[in-house]
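Enquirer: Next up is a structure, given as structure tokens.
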């Protein structure tokens, strides 16, 4: 009974460990350009500023404000993932996995804040996920051929 | 009833994914480099065929189906162990001295598991295809899970440049961790409703998770990782412009 309980606990822990490892390995993917920069500029996303503030300033973290900024960026990028230069109008399995990972990390951030633990690592991870989303969208937009059609022509094809 | 249908849908989705990955590996010419995946997938599909044939011929309650099911289960576990060994070999490809130690460790684990099985068989010889096999599968799965975890940590420690190997190991880890947790839960709950749910949904989901991870590893992840960029993140350039708002 004790052995079975131990195996259950360790196996569940390992399962979550591997799922997180897969997400982190996906996030480590290198893009040949910083495709996320135009997306950030065009949509006035704030996660680079949040990351900068957390990484380089030793000031106390404005938890509520940072959470709001990251969450708003997440909503915007999630919409773009589904609709920007995406003919299928569906999330890919990779997108779905990382969206779930963002939510789980956000939940972990809330728990850490409640327990008064350091939240910097979680905030940086959330920013990394958002940057990856930005890169994916930027890459899609760059590689999509709009040919010579105008904006209204494109909208009429939808 | 709906649980059984959902379970069947999940299982068949897993079989289709396995067959799809096998075809992909063969069609893209990865069969030689990733022979261990081809071996495991071929055996897995063979096991599915053998089980379906026995089920069709003899029925679910027959002893023939029971024997076939548990024997093929053992075959799959052993094939997975071979997979773990081959991944270790791949991870140690640039470090032959390490491979000597790892080979000794793997041999010791195999002998230890064989010894434990022998004693379990001696004490439960009359219930070979019920009590013993379930416990044996749980122990072997758990041993493989521990070995896979060691392998993953080793790839991190040795900074193995094969990114694809890391992803393949993660997939294998999901395959081992899920059923190991499921079997332990069944043992703790004595086969009640939770155990049924685990059998119906959890194990096929873990199978599908492994195959999808392998698909991703084979199709998207390059074998050799790029050298990571320096500590300066590209986002900082932009962040420096917009930091004034703080």
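Throughout, read-outs are computed from the coordinates displayed, never taken from laboratory work. This structure is a prediction, so every number in the text was calculated from the model and none was measured. Cβ placement follows ideal geometry from the backbone for every residue including glycine, while neighbour counts extend to all protein chains displayed.
Enquirer: Which of A:120, A:88 has the fewest other C-beta atoms within 10 Å, and how do the rest follow up to the most?
Expert: Lowest to highest Cβ neighbour count: A:88, A:120.
Enquirer: Now, a different point. Please give, to one decimal in nm, the separation of the simple spin-label points placed at residue A:65 and residue B:119, each 7 Å out from Cα toward the Cβ.
Expert: Computed distance between label sites residue A:65 and residue B:119 equals 6.4 nm.
Enquirer: When B:48, A:22 are ordered from fewest to most other Cβ atoms inside 10 Å of their Cβ, what list results?
Expert: B:48, A:22
Enquirer: Next question. Across peptide A:33-44, what mean number of C-beta atoms from other chains lies inside 10 Å of a residue's C-beta?
Expert: Per residue, the average neighbour count from other chains is 2.
Enquirer: Follow-up. Treat the count of other C-beta atoms within 10 Å as a stand-in for reagent exposure and order A:89, A:78 from fewest to most.
Expert: Neighbour counts put them in this order, fewest first: A:89, A:78.
Enquirer: First check a/c for the range A:1-118, with a ≥ b ≥ c the square roots of the eigenvalues of its C-alpha gyration tensor; if it is under 1.5, answer rounded, and if not, answer prolate when a/b is larger than b/c or oblate otherwise.
Expert: Because a/c hits 1.5 or more and a/b fails to exceed b/c, the range A:1-118 counts as oblate.
Enquirer: Label residue A:100 and residue A:87 with points 7 Å out from Cα along Cα→Cβ: what is the distance between them in nm?
Expert: 2.8 nm
Enquirer: In addition: Specify the angular offset, from 0 to 90 degrees and rounded to the nearest 10, of the alpha carbon long axis of helix A:120-143 from the longest principal axis of the alpha carbons in chain A.
Expert: Between helix and principal axis, roughly 30 degrees.
Enquirer: Here's something else I'd like to know. With a/c under 1.5 counting as rounded, go ahead and sort the range B:4-121 into rounded, prolate or oblate using the C-alpha gyration tensor (a ≥ b ≥ c being the square roots of the eigenvalues; past the cut-off, prolate if a/b is larger than b/c, else oblate).
Expert: Oblate.
Enquirer: Measure nothing but the geometry: give the 0 to 90° angle between the long axis through the Cα atoms of A:63-83 and the longest principal axis through the Cα atoms of chain A, rounded to 10°.
Expert: 50 degrees
Enquirer: If each residue of separation counts as 0.36 nm, what is the full-extension length gain between residue B:192 and residue B:30 once their alpha-carbon separation is subtracted?
Expert: 54.0 nm is the gain from fully extending residue B:192 to residue B:30.
Enquirer: Continuing with this model, one more query. With the crude spin-label approximation of a point 7 Å out along Cα→Cβ, what separation in nm comes out for residue B:82 versus residue B:13?
Expert: 3.0 nm
Enquirer: Suppose the chain between residue B:220 and residue B:5 were pulled fully straight at 0.36 nm per residue; how much longer would it get relative to their current alpha carbon spacing?
Expert: Stretched out fully, the residue B:220 to residue B:5 stretch lengthens by 74.1 nm.
Enquirer: Would you compute, from DSSP H runs of 4+ residues alone, the mean residue ellipticity of chain A at 222 nm, taking -39500 (n - 2.57) per run and dividing by the full residue count, rounded to the nearest 500?
Expert: Calculated from helices alone, the mean residue ellipticity at 222 nm is -25000 deg cm²/dmol.
Enquirer: Could you tell me whether the range B:2-223 comes out rounded, prolate or oblate from its Cα gyration tensor? Rule is a ≥ b ≥ c as square roots of the eigenvalues, rounded for a/c under 1.5, then prolate if a/b exceeds b/c, otherwise oblate.
Expert: oblate
Enquirer: Additional query: Once R0 is set to 56 Å, what does the formula 1/(1 + (r/R0)^6) return for the Cβ-Cβ distance between residue A:31 and residue B:67, expressed as a FRET efficiency to the nearest 0.05?
Expert: It comes out at approximately 0.60.
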